[in-house]
Amino acid sequence: MNTIIAIGSDHAGSQLKEYLLKELKIKGYNLKNFGTDSEESVDYPDIIHPLASAVDKGEISRGIIMCGTGNGVSMVANKYPNVRAALCWNEDITRLARQHNDANILALPARFISKELALSLVEIFLSTPFEGGRHERRIQKISKKL
Ligand code: RB5
């Protein structure tokens, strides 16, 4: 529970982010908020680069990011070699993102899922272990470009 979890969104995800911040703090998680904290329009790369960089450097072990679709934020986060950001919208995909892909950032589509489902996905993301084995070999190959 003492692990710091990074959380960030653009304007389209800011309401969901505020909800998750509140609920996760009640559950005892230690969160670092990278913004944005209003519905005023911002560019998602400006929020996600600092967050993903902190995860890439190992300063923070897990992140939760959201924008309207979840696509923009995951595209930015996955520019970093040590980041494995997974766009998830249901429980099974979220569980498999941890078990098979060792995802260290959860990307959520704020305009397409309920806040209750989002909280459930975050809890699965934070509690499901990586299976390792053949999946370890595969994730090691992700950053090896030809
Ligand atoms: C903002 O309108 C929207 O484009 C953004 O939140 C996100 O969905 C981009 O991928």
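Laboratory data are not the source of any read-out in this text; all were calculated from the coordinates shown. Since the structure is predicted, the reported quantities are computational estimates derived from the model, not experimental observations. Reconstructed Cβ throughout: ideal geometry from the backbone, glycine too, with neighbour counts over all protein chains shown.
Overview of results
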item	result
Cα→Cβ-extended label distance, 7 Å offset, between Leu146 and Asn30, nm	4.4
Convex hull volume per residue for the chain, taking Cα atoms only, in Å³	99
Ser114 versus Glu136: modelled label distance in nm, points set 7 Å from Cα along the beta carbon direction	4.0
Lysine pair number, Cα distance threshold 16 Å (strictly under), the chain, separation 8 or more or different chains	13
The chain: calculated mean residue ellipticity at 222 nm from DSSP helix runs of at least 4, using -39500 (n - 2.57)	-13000 deg cm²/dmol
Summed residue charge, Cβ within 14 Å of Asn78's Cβ, Lys/Arg positive, Asp/Glu negative	+1
For Gly132, net neighbour charge (Lys/Arg +1, Asp/Glu -1) across residues whose Cβ lies under 13 Å away	+1
Segment 18-146 - charge dipole about Cα centre, Lys and Arg +1 at Cβ, Asp and Glu -1, debye rounded to 20	700
